[in-house]
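Report on one structure; see the data block that follows.
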Amino acid sequence: MFSDDALLAEIPRLRRYARGLTGDVARADDLVQDTLERALVKGRLWRPGNLRAWLLTMMHNVFVNQYRAAGALDYRAPEDLPELAVRPQQQDGIEVRELERALQQLSPEQREVLLLVGLEDLSYQEAARVLGTPVGTVMSRLSRARERLRQVLSGQTAVPDYLKVVK
Amino acid sequence: MSMHGPISEDDLHSWVDGRLDAARRAEVEAWLAEDPARVERAEAWRKSNELLHAAYDAVLDEPVPARLRAIVEQQRRRPGAVRAAAVAAWVTVGALIGTGLGYRLGQSSPAAADELAALPRQAAVAHAVYSPEIKHPVEVGADQEQHLVTWLTKRLGAPVRIPDLASHGFALLGGRLLPATDGPSAQFMYEDDAGRRLTLYLSVRDGDTSTTAFRYAQENDVGVFYWVDGRFAYALSGQFGRDALLPLANTVYHQISP
């Protein structure tokens with residue numbers, strides 16, 4: 001099993017990912033708490049390897065169970081989002097606030113992929129393992145998530161007519 | 001003109017995430033440069049990565065909330081208290097082994113009854129030492145049960161069987177090899193949903209293949225049922241009462257008697 005110190009050292013990274021997933025400080029820390037508890041119960045099944053990826057997998061399972069249990073509640077209309085959901089004490093640029101709001105408009109599956117790759121710097125293969133999906137699914141979710149963010153951030157609505165493969 | 005095939009959407013993601021080698025990156029960038037719309041799209045993707053970091057990296061510098069820290073540290077405190085008792089037990093058993101050794105040196109053949117008398121204490125000490133262990137309760141985990149059986153059978157020199165106590169709510173955690181006073185012994189550990197642990201200690205007996213009835217001993221707060229069956233001496237230990245332990249000992253006996 002991993003050491004307590006190794007587990008403590010991963011908490012900031014888990015909190016960052018959870019903050020992006022939930023867009024809310026208290027919900028994020030609830031998610032981290034559930035993840036840690038599950039990790040400690042399951043810890044004896046852990047074999048030396050990538051602790052962070054293992055914990056992210058555990059968080060994915062907790063997150064999926066929670067939003068399934070809540071009945072796919074995670075789509076929130078922009079007007080329902082708190083204006084300052086994250087770090088109200090900080091003076092963020094308008095782009096950052098726009099991004100935080102746009103992120104919560106993605107489906108949970110798209111948000112997970114975007115955050116694992118774009119924020120947590122996992123390779124596409126690592127993200128696929130954490131999420132238990134084929135790499136192809138990771139890539140297609142990533143495309144949809146990035147295109148959606150681009151449209152929201154640039155004020156576009158229509159999907160551009162774009163060639164997927166060009167010689 | 002491309003050396004490695006057409007530029008795909010996956011290549012664009014890999015470019016955004018910095019996961020291309022230099023040659024492919026140059027190809028992708030040459031392709032992007034052909035059309036401002038391509039550049040705009042890829043740059044927007046890359047910009048969203050930067051914005052994610054701008055939005056959330058500050059979380060990394062926040063102090064870890066006490067409630068999260070407490071979850072991890074509670075785990076550390078719980079076994080600590082029991083550990084002190086285990087160390088005290090070790091000191092006692094060390095003294096006993098020392099005395100026993102002196103006794104054996106003085107007397108050429110100790111009675112068979114005395115051999116068995118040492119069993120519950122050895123089992124109870126092994127239980128007290130390993131059952132509170134969070135990080136390394138076992139050497140080989142239950143996920144490698146077949147390997148565990150093969151390994152311990154080889155080391156003990158007799159066919160080892162691992163009883164299934166799921167009907168009592170106890171799942172196998174795994175097992176370990178232990179030194180007994182006169183050779184190797186083994187310990188299997190089980191745990192129920194409440195986190196209570198049970199250990200089965202077994203050692204091989206030379207020659208004598210008699211069978212004995214169950215006996216019960218209490219070593220500090222550890223209850224031990226022990227018996228001899230064929231080539232093995234067994235001891236089932238747990239920190240709960242005799243009445244709770246007896247049905248478990250019965251199940252073990254019925255599952256592994258040859």
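Computed values, structure above
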item: Residues of region B:205-241 satisfying the condition of being more than 15 Å from B:Phe188 (Cα to Cα) and not in a loop (DSSP other than H, G, I, E, B); result: B:Arg215, B:Tyr216, B:Ala217, B:Gln218, B:Glu219, B:Val222, B:Gly223, B:Trp227, B:Val228, B:Asp229
item: Pairs with Cβ under 7 Å, 6+ apart, first in region A:132-146 and within 9 Å of B:His13 (Cβ to Cβ) and within 12 Å of another protein chain (Cβ to nearest Cβ), second assigned to a helix (DSSP H, G or I) and among the β-branched types (Val, Ile, Thr); result: A:Leu142/A:Val113; A:Leu142/A:Val117
item: Condition broken by B:Val28, with the remaining ones in (1) within 29 Å of A:Gln104 (Cβ to Cβ); (2) crowded, with 19+ Cβ neighbours inside 10 Å satisfied; result: (1)
item: Helices (runs of 4 or more DSSP H) fully within region B:1-113 counting 3 or more residues that are modelled with pLDDT of 90 or more and more than 10 Å from every other protein chain (Cβ to nearest Cβ); result: B:22-33
item: Residues that are buried (at least 17 other Cβ atoms within 10 Å of the Cβ) and under 22 Å from A:Leu114 (Cβ atoms), drawn from region B:48-70; result: B:Ser48, B:Asn49, B:Leu51, B:Leu52, B:Ala55, B:Tyr56, B:Val59
item: Matching option when the condition is of a type in the set (A, V, I, L, M, F, W, C) and under 16 Å from A:Arg44 (Cα atoms), among B:Ala124, B:Ala142; result: B:Ala142
item: Exclusive hit being under 17 Å from the mean Cα position of the chain (by Cα), closer than 23 Å to A:Ala127 by Cα and either among the aromatic types (Phe, Trp, Tyr) or at pLDDT 70 or above (or both), set A:Leu40, A:Leu99, A:Leu51, A:Leu45; result: A:Leu99
item: Evaluation of B:Gly195 against (1) in contact (Cβ under 8 Å) with a residue 12 or more places away in the chain; (2) surrounded by fewer than 20 Cβ atoms within 10 Å (Cβ to Cβ) (one fails), failing number; result: (1)
item: Some residue of region B:130-147 being of a type in the set (Gly, Ala, Ser) and under 13 Å from B:Ala180 (Cα atoms); result: no
item: Every pair of residues 6+ apart whose Cβ atoms lie under 9 Å, when the first sits in region B:157-169 and is free of Cβ contacts under 8 Å to residues at least 24 places away in the same chain while the second is loosely packed, with under 14 Cβ neighbours inside 10 Å; result: B:Pro159/B:Pro258
item: Subset of region B:161-181 (residues that are of a type in the set (D, E, K, R) and over 17 Å from B:Ala123 (Cα atoms)); result: B:Arg161, B:Asp164
item: Per-region count, region B:1-13, residues within 26 Å of A:Leu153 (Cα to Cα) and without any contact (Cβ under 8 Å) to a residue 12 or more places away in the chain; result: 3
item: Residue list for region B:13-38, restricted to those being over 16 Å from A:Leu149 (Cα atoms) and of a type in the set (A, V, I, L, M); result: B:Leu20, B:Ala22, B:Ala23, B:Ala26, B:Val28, B:Ala30, B:Leu32, B:Ala33, B:Ala37
item: Residues (more than 22 Å from B:Asp206 (Cα to Cα) and of a type in the set (Asp, Glu)) located in region B:227-256; result: B:Asp243
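The values are calculated or read from the model by the stated rules, or taken from the named source; none is laboratory data. Fair warning: this is a prediction, and the values are worked out from it, not measured in the lab. Positions of Cβ are generated from backbone atoms using ideal geometry, with glycine treated the same way; all protein chains shown enter the neighbour counts.
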